[in-house]
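Report on one structure; see the data block that follows.
Readers should treat all values here as calculations from the given coordinates under stated rules, not as data from a laboratory. Being a predicted model, the structure only gives us computed values, none of them experimental. Reconstructed Cβ throughout: ideal geometry from the backbone, glycine too, with neighbour counts over all protein chains shown.
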Amino acid sequence: MDSLTVLFLLSLNLHFCVAELTFQICYGKDNPGALWNVTHEKEMWKNVTLYKSLNGTNCGIVDLPRLFTREDLSCMNHSFVIEKVELSFNLISSIENQTFNCLKELKYLDLSHNMISELKGGIFDGLVNLEVVKLNDNRIHSMEDGVLTDKHKHISFLDLSCNMLTVFGGNIDFFKRYSANSCITVNVTHNAVSKLQLDLNSYHKVRDSDFICYYVFLQFNNITDLNLGSFGIFVDALSKNVAKSYEHEEIDLRDNPFICDCNVRLFHKLMQSFKTIFKQRFEWLELEKLKCASPEKLEGSSIAELPSEELFCRVYKHCPFSCQCIFKEDFDEPSINYLLPENTGYLRVLCAGQNLTALPTLIPYRYKDKLPTQLLLNLSQNSIEHLVPLDYIELVTHLDLSHNRIKDLSLSMMKIFSNLSVLYLNGNHLQYMPEDMRTIQFRNMKKMHLNDNKFICDCSSIWMENYFAAIRNKLSVMPKCYNKDALINDMKINQTFCWLNMTALLSCTITLGIVLLIGALIAYYLYPLVKILYCNRINDTAAENMDDVKYDAYVIYHPDDTEWVIEHIIGLLEPQYKLCIPQRDFRPENDELLVDIIMRSLEESRRSIVVLTQTFIRDNECKAVFAQAHGYFMRNPSQKMMLVVQDEAILKDNCLDDGINLYIKTCTYLAFRKRFFKKRILNEMPIKSIQDFNHA
């Protein structure tokens, strides 16, 4: 028989590697994979039925042999009684379906310390008598459904430790079987499990005749929260077996990086409640041994000893700057119905004492996929004066606006407040409430705090007396009148007196309104003329130096407007007044420049008349002359500057000079097309002309 010939050990066990007598059927690590000679395989099968154990430990096996699935051999013709297979410390990387389909009596299977990366569904089909499965120290990162099912009723030990699993539970279907009064131990330590899937809804009910016995070891994983849904089977079993013994349940979750926040709070509260209900120690989860890894201030603390107030989650999305937003799970009674709640707990937005002057534009209204049953917004001790309706306020159940500077409330805000359960408005500057709030039904309102405000009790607020008395059961404290020593529901104001005062006030208001209207009409029509007359008298009473004066007025206009100026300005003022007309009266002296002639003409004139036309405002030289005249007027206010506007439509022209535009906005101008133009321009001229002075 050559070196590859398969020999069999005819004793109680069949060994692949170690020959206890004179037989050796593999060469260990020096010749990995060399297991048997196929020419003698049929000879092997003749004797294999005599053995109950196969041992192929540390043989360097890369692939599982076809030993159990030989195509030319029928499982039906061989009554295999092999109950134990040991293939640990090899190089096996995968297990194909139905590899062990002939080993109907197999109870013990050891595939530990190999290189298996995944477990496919159906690989253990037919092994209905399996009791122990060891798959520890492999590279398993995934398990398909159907690896172990409810048909494997005799499983007592499953070892998956030291692998790479991230999810555990959903594909271990033997948990679903009825308890057979036997214990199940599952070792999943030293993996990367972060999610448990022991879903309550998918498990059978435990029969009254059975007892529960589970040992699940999950130490040294990445479990960060205690989700009740993950432990539903255990909680359900306990709740259905109150009268039985609880000494055979244990889930070991020690040495996991638990985040002690709102995700732990519900589990913590339910476990504490079970202790009270059963009136005995509740040790199956060993809460006392579970420690917090974060947040930092709770690091190392026992979850069982934590006060429930410390277990909350911070909400950062949409949380206003300088505010704190926290979410808490909160339930009054422990019940299995609270597992996996959709709408639970409350969200609190804390913005008290942050010097806010207005409501935040946005706040969070949910935490992840949870919509809280209560949304609390605390804005107390700020400097808020005005309230504006915002969409999120309709979602708020508790609103604290106490100790701000709110002076009044609109009806729209009161309508939004009607959805609240609790409203704090105490300690503000409220003087009156909107009277139409009487039409609002505060059905959800449990308490409204309106005390310590500055309510004025007078005829305007007399309606509040009966209204506040009617809603007294919703008020925490009956507010007081700020202007008298009385409660609002006991103002003691005479309604008849208020009615008479209101009638008198209304009459006086109407009379005063009529007088003001008449005065406004008179002022509108006569004010321009009165102003001109008054200003003219003021100017004429001022002492004038007539020594160097030669003209009553210097007329500034564009040459293209000469005919219009002659007809409407010169024809109106001459010969009564002596005018300086540039085309007629400009006489250069000693090689004077034009700018010097203009300045001399301004100095020798008592008035300057600027004729503003479409051609004037578009001519740069005309603009320069206006600027020179305006500058002289600003330095010598006794010389009045008169602006005549031919057509007011030009005042809207984009070409209008900034200086002209400023003058029009700050001084009175004479519009040619308006009535009283002739009277107004004559009233702007001096009472005595230069000729009158010369004759005198």
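Just add up the charged neighbours of residue 356: K/R +1, D/E -1, any other residue whose Cβ is under 13 Å from the Cβ of residue 356. Write down the numbers at each step before the final one.
On the way: positive: 405; negative: 385, 400.
Net charge in that neighbourhood comes out at -1.
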(request) Read phi for every residue in region 121-133 and hand back ³J(HN,Hα) as whole Hz from Karplus 6.51 cos²θ - 1.76 cosθ + 1.60, θ = phi - 60°, with x for Gly and Pro. (result) x, x, 5, 10, 4, x, 8, 6, 9, 4, 10, 10, 10
(message) Test of understanding: extend the Cα→C-beta vector of residue 665 to 7 Å, then name every residue of region 617-641 with backbone N under 20 Å from that spot.
(response) 617-618, 623-624, 626-628, 630-631, 634
(request) Measure up 120/370; 151/269; 407/492; 368/447; 269/447 against 26 Å on the Cα-Cα distance and list the ones that go over. (result) 120/370; 151/269; 368/447; 269/447
(message) Could you derive backbone 3J(HN,Hα) for region 489-494 from the dihedral phi with the Karplus parameters 6.51, -1.76 and 1.60 (θ = phi - 60°), listing whole Hz in sequence and x where the residue is Gly or Pro?
(response) 7, 9, 5, 6, 9, 6
(request) Report the local net charge at residue 143: Lys and Arg +1, Asp and Glu -1, summed over other residues whose C-beta lies under 9 Å from its C-beta. (result) -2
(request) Could you tell me the distance between the Cα centroids of region 364-431 and region 76-152, to the nearest Å? (result) 63 Å
(message) With θ taken as phi - 60° and the coefficients 6.51, -1.76 and 1.60, list the Karplus ³J(HN,Hα) couplings across region 584-590 in order, rounded to whole Hz; mark glycine and proline as x.
(response) 10, 10, 6, 10, x, 10, 6
(request) Can you check what the net charge comes to around residue 614, using other residues whose Cβ is under 11 Å from the Cβ of residue 614 (Lys, Arg +1; Asp, Glu -1)? (result) -4
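Which peptide among 135-141, 567-573 comes first, and what is the full order, when sorted by highest mean count of other Cβ atoms within 10 Å? Can you show the working numbers first?
Details: 135-141: 19.7, 567-573: 15.6.
Answer by packing, highest mean first, reads 135-141, 567-573.
Which order do the peptides 113-121, 616-624 take when ranked by the mean count of other beta-carbon atoms within 10 Å per residue, highest first? Could you put the intermediate results ahead of the total?
Values: 113-121: 18.4, 616-624: 16.6.
Descending packing order for the listed peptides: 113-121, 616-624.
Can you tell me the FRET efficiency between residue 421 and residue 302 if r is taken as the Cβ-Cβ distance and R0 is 35 Å, rounded to the nearest 0.05? The partial results should precede the final answer.
Details: r = 35 Å, r/R0 = 1.01.
The formula returns an efficiency of 0.50 here.
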(request) Would you work out if region 105-154 is rounded, prolate or oblate? Take a ≥ b ≥ c from the square roots of the eigenvalues of the alpha-carbon gyration tensor; rounded if a/c is under 1.5, else prolate when a/b is larger than b/c, oblate otherwise. (result) oblate
